[in-house]
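Each reported figure results from applying straightforward, stated rules to the coordinates on display, with no laboratory input. Just so it is clear, the model here is predicted, and its values are computed rather than measured. Ideal geometry is used to build each Cβ from the backbone, glycine not excepted, and the neighbour counts take in all protein chains shown.
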Amino acid sequence: MKKLINNKAKIGIFDSGLGGLFTMKAIAKELPEYDYVYLGDTKRLPYGSRSHEVIYQFLKEGVDFLFSKDCAIIIVACNTASAEALRQIQKEYLPKAYPDRKVLGMIVPMTEACNEFKNVGLVATGATIASGAYPREFKKRNPKTKIIGLATPLLVPIVESGEKKWIKPVLAEYMKFLKNKKIDALLLGCTHYAIFKKEFSVLLPKGVTIISQDVVVPKKVKNYLSRHKEISDILSFTKHGGKMEFYVTDTTTNFQKMANLWFGKKISIKKVVIE
Ligand code: DGL
């Protein structure tokens, strides 16, 4: 295991693809002083239709890569990987392989953000819904909250393809199911859904609060770092803004255009092999 050098460690952001760039942009805006490394496993996207064993293997390889790049902490922006594989990484892999480092996911912070609601709709990939990870977490933290899950597997391919015109009709069809369920909040349980949260909100009854990871997670990461000095003390800290590196496992059609769009500016991305 590579040893971390004090004041040189970075924050890793992992996603199955490029949607996590939208979350990373929000985290880096809240915490600009740190150095970041992004990994999008574009070669193997989508994770949302894969089995537990495969998602665990992919996440493990992503974690190894980001730790080899001197990350002290990794934020798994991918809900599917968080739902299917994070607990096993935290409980079995980290204590053996990286006892001094941390990997955090989306399920806990997003569930905590729903504390005040009674009837929460959840939209996510098929694997996230099938894993039961969100209902399990709700049961632990907000046992009185009812959660109504809906797998929305068509959304990621539409967003990744850049074929925007299909978002509205497909979303409208999906939202029909939630419209009459009297939900007071909708949890967007997927990296990509945050990108078009406005489209969700116009299709839902007025007053439904949208819970989106680009809003929730940056504050949670900040709070976590303030409580975990063993991590924040070894992170690089540059007053005028840290450095950012971006990696993908495949350079797919459109990827540079989509990456720039979701990160909000032109970024330079390198291709890596992590298997
Ligand atoms: N990143 C995934 C998630 O947040 C969506 C894309 C995929 O299916 O891999 O669930």
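Just so you know, in segment 234-265 the residues that are farther than 21 Å from A194 by Cβ and without any contact (Cβ under 8 Å) to a residue 24 or more places away in the chain include one that is surrounded by the most Cβ atoms within 10 Å (Cβ to Cβ), and it is T253.
Scan segment 1-20 residue by residue and report those that are more than 12 Å from the ligand (Cβ to nearest atom) and either without any contact (Cβ under 8 Å) to a residue 40 or more places away in the chain or touching a His at 6+ places or on another chain (Cβ under 6 Å) (or both). Give the derivation first.
Here is the first cut: in segment 1-20, the residues more than 12 Å from the ligand (Cβ to nearest atom) are 1-12.
Result: K3, single match.
Residues in segment 159-185 that are buried (at least 20 other Cβ atoms within 10 Å of the Cβ), within 18 Å of L45 (Cβ to Cβ) and either of a type in the set (A, V, I, L, M, F, W, C) or more than 12 Å from the ligand (Cβ to nearest atom) (or both): V159 alone.
Scanning segment 133-150 for residues that are surrounded by fewer than 18 Cβ atoms within 10 Å (Cβ to Cβ) and under 24 Å from R44 (Cα atoms) returns a single hit, L150. Listed by position, the helices (runs of 4 or more DSSP H) inside segment 17-124 whose residues that are of a type in the set (F, W, Y) number at least 3 are 52-68.
Residue by residue, here is whether (1) aromatic (F, W, Y); (2) crowded, with 21+ Cβ neighbours inside 10 Å; (3) more than 10 Å from the ligand (Cβ to nearest atom); (4) on the phi < 0 side of the Ramachandran plot holds:
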{"position": "F22", "(1), (2), (3), (4)": "yes, yes, yes, yes"}
{"position": "I27", "(1), (2), (3), (4)": "no, yes, yes, yes"}
{"position": "D41", "(1), (2), (3), (4)": "no, yes, no, yes"}
{"position": "L45", "(1), (2), (3), (4)": "no, yes, no, yes"}
{"position": "F58", "(1), (2), (3), (4)": "yes, yes, no, yes"}
{"position": "K69", "(1), (2), (3), (4)": "no, no, yes, yes"}
